[in-house]
1. Restricting to the stretch 1-14, count the residues that are surrounded by 15 or more Cβ atoms within 10 Å (Cβ to Cβ) and either among the charged types (D, E, K, R) or within 23 Å of Thr121 (Cβ to Cβ) (or both).
2. Residue pairs, Cβ under 8 Å, 6 or more apart or interchain, first in the stretch 22-50 and open to solvent by less than 10 Å² (accessible area, probe 1.4 Å), second polar (S, T, N, Q) and part of a loop (DSSP other than H, G, I, E, B). List them.
3. Find the residue count for the stretch 111-131, including only residues that are closer than 18 Å to Pro38 by Cα and either open to solvent by less than 40 Å² (accessible area, probe 1.4 Å) or over 14 Å from the mean Cα position of the chain (by Cα) (or both).
4. Hey, can you tell me all the residues within the stretch 73-99 that are crowded, with 21+ Cβ neighbours inside 10 Å and hydroxyl-bearing (Ser, Thr, Tyr)?
5. Being acidic (Asp, Glu), over 15 Å from Ser43 (Cβ atoms) and open to solvent by less than 40 Å² (accessible area, probe 1.4 Å): is that true of Glu53 here?
Amino acid sequence: MPGLLDVGYVAPLNEDVLPSTGSHLDVRVRKDGKYINPETIRSLLTRLKVGKERTPLWQQQGDKFSPSFPITSGYGPRIAPTKGASTYHQGVDFGVAGNTPLTWEGPGSFTPGQGYGTIKTTDAQGTPYEVKLLHTKGGKQVDAPPTSTSIPA
C-alpha cells in the first residue's frame, strides 16, 4: 500500500539501548528545530499506526482526540523515572508493549537510529515536522522528501 512506512517496533526492555523502566513508546516532535508538546499536533499523529491492527496513536471523533494507549509520562517537567532519564521530558510516553510493530501512514521519510527512529513529514499547510520515536528498533530507511498531508495542523 503506498504511503505506508515501516518505522520499526517498540523495543522489549532487554533490547532497549536507552534508559528505561519498561517497554514503552516515547514520541517527540520538533518544529522549527525545537521540541514541542506532541499533543499539540494530535491530528498529524493519527498517522502513526500501532500494532498489527494499525491502531492510530491518537483517535479523532468529531473535534475530540483521545489517545489509543495509556499515557505513562507527559510532556514537561518530571521526576526522572530511572538513572539517565531526563527531568524535563521532551515527549509523551505511551504504554505500548515491546515487539509491537509501528507504521507511518502518509507522506514522509524515515531514518532508523540507535534506540530511535525519525520521521520527517509536513502538515496540510506545508509546515515541516520531525517525529522521533524513542525506545524503538528497526524500520526501513525511506529517503522520500516530505510532502503535504491532508491532515489539518
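1. Step one: of the stretch 1-14, the residues surrounded by 15 or more Cβ atoms within 10 Å (Cβ to Cβ) are 5-12.
With either among the charged types (D, E, K, R) or within 23 Å of Thr121 (Cβ to Cβ) (or both) added as a condition, the list becomes 5-11.
Number of matching residues: 7.
2. That search, which allows pairs on different chains as well, returns Leu25/Thr100; Val29/Asn37; Leu44/Thr149; Val50/Ser68; Val50/Thr100.
3. Residues of the stretch 111-131 that are closer than 18 Å to Pro38 by Cα, as a first pass: 116-131.
So of that shortlist, the ones also either open to solvent by less than 40 Å² (accessible area, probe 1.4 Å) or over 14 Å from the mean Cα position of the chain (by Cα) (or both) come out as 117-119, 121-131.
Qualifying residue count for the region: 14.
4. Narrowing the stretch 73-99 to residues crowded, with 21+ Cβ neighbours inside 10 Å: 75, 91-94, 96.
Residue satisfying the conditions is Tyr75 alone.
5. On the way: acidic (Asp, Glu): yes; over 15 Å from Ser43 (Cβ atoms): yes; open to solvent by less than 40 Å² (accessible area, probe 1.4 Å): no.
In short, no.
The values are calculated or read from the model by the stated rules, or taken from the named source; none is laboratory data. The structure displayed is predicted, hence computed values, not measured ones. Methodologically, a virtual Cβ is constructed for each residue, glycine included, from the backbone with ideal geometry; neighbour enumeration extends over all protein chains shown. Keep in mind that these areas ignore ligands, DNA and RNA; they rest on the heavy atoms of the full protein, side chains included. Shrake-Rupley method; radii C 1.70, N 1.55, O 1.52, S 1.80 Å.
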